[in-house]
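Below: one structure, written as structure tokens.
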Amino acid sequence: MKEYERLFTEYLEARSQRLTQPRRLILEAVFSLHDHFDVEQLYHRLRIHNEEVSRATIYRTLPLLVESGLIQHSLRQADRDFYEHILGHPQHLHWICRKCGTVVETSLDMVLPLINKVASQQRFQIEDYQLNLRGLCWKCADNENENQ
Ligand SMILES: [Zn+2]
Ligand SMILES: [Zn+2]
Ligand SMILES: [Zn+2]
């Protein structure tokens with residue numbers, strides 16, 4: 001059994017729920033995507049493999065996956081919520097271009113020690129975080145400067 005399958009089964013069983021076939025298919029699809037995805041992308045991923053899972057089931061299953069700690073809600077863009085699996089992926093920064101929508105990820109290696117230092121100064125226990133920076137990517141910034 002795969003690690004994510006074991007963890008999700010445990011999470012569900014603690015709530016007297018089961019890893020049903022639709023949930024299993026969604027779980028597999030989520031861990032086959034190694035990038036940010038929204039409900040539509042997940043739905044199409046399942047359709048490609050001819051899996052009959054409704055959007056409604058996906059909408060109901062995503063919060064369970066978030067709460068189990070296997071995935072996170074990463075960002076909201078153009079009124080769409082994007083998720084990504086975090087088991088096996090270290091947390092990272094998101095650099096989001098407001099113009100072209102490009103999302104670049106960089107490591108938290110340099111930033112995290114600083115955040116932890118400030119947190120300990122405040123005697124604050126961090127349980128969760130999401131670091132999204134919005135602005136213009138270099139391409140869009142170049143275009144804006146040219147058009148001025
Ligand atoms: Zn991955
Ligand atoms: Zn851009
Ligand atoms: Zn990400």
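The values are calculated or read from the model by the stated rules, or taken from the named source; none is laboratory data. All values reported here derive from a predicted model rather than from experimental measurement. Here Cβ is always computed from backbone atoms with ideal geometry, including for glycine, and neighbour counts include all displayed protein chains. Surface accessibility is based on the protein's heavy atoms, side chains included, excluding ligands, DNA and RNA. Shrake-Rupley method; radii C 1.70, N 1.55, O 1.52, S 1.80 Å.
Overview of values
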| read-out | value |
| --- | --- |
| DSSP-loop chymotrypsin sites (Phe, Trp or Tyr not before Pro) across region 87-147, with at most 12 other Cβ within 10 angstrom | 124, 129 |
| Segment residue 59-residue 20, extension gain: residue separation times 0.36 nm, minus the distance between their alpha carbons | 12.5 nm |
| Shape category assigned to the chain from the gyration tensor of Cα positions, a/c cut at 1.5 | oblate |
| Cα shape, region 70-111, gyration tensor, a/c 1.5 rule | oblate |
| Qualifying trypsin sites (Lys or Arg not before Pro) for region 44-107 [loop in DSSP, other Cβ within 10 Å: at most 16] | 98, 99 |
| Taking N as its residue count, the alpha carbon Rg of region 90-148 over 2.2 N^0.38 Å | 1.49 |
| Per-residue [θ]222 nm for the chain (sum of -39500 (n - 2.57) over DSSP H runs n ≥ 4, rounded to 500) | -14000 deg cm²/dmol |
| Carbon and sulfur %, accessible surface of region 1-88 computed with the full protein complex present, 1.4 Å | 48 percent |
| GluC sites (Glu not before Pro) restricted to DSSP loop in region 83-148 with at most 10 other C-beta within 10 Å | 127 |
| Fraction of antiparallel bridges per DSSP, the chain only, in percent to nearest 5 | 70 percent |
| Distance in nm between pseudo-label sites at residue 93 and residue 34 (7 Å out along the Cβ direction from Cα) | 2.3 nm |
| Additional length obtainable on full extension of the chain from residue 100 to residue 145, 0.36 nm per residue less Cα span | 14.7 nm |
| Convex hull volume per residue in cubic angstrom - Cα atoms of region 1-43 | 81 Å³ |
| Listed residues 41, 26, 77: farthest to the positive end of the dipole of the chain (Cβ charges) | 26 |
| Region 90-148 - charge dipole about Cα centre, Lys and Arg +1 at Cβ, Asp and Glu -1, debye rounded to 20 | 160 debye |
| Cα centroid separation, region 1-71 to region 74-140 (Å) | 23 Å |
| Electrostatic dipole magnitude of region 19-114 [Cβ: Lys, Arg +1; Asp, Glu -1; Cα centre; debye, to 20] | 220 debye |
| Nearest 10 degrees, 0 to 90: helix 21-32 Cα axis against the chain principal axis | 30 degrees |
| Angle in degrees between helix 55-67 and the longest Cα principal axis of the chain, rounded to the nearest 10 | 70 degrees |
| Between helix 138-147 and the chain: long-axis angle, C-alpha atoms, 0 to 90°, nearest 10 | 50 degrees |
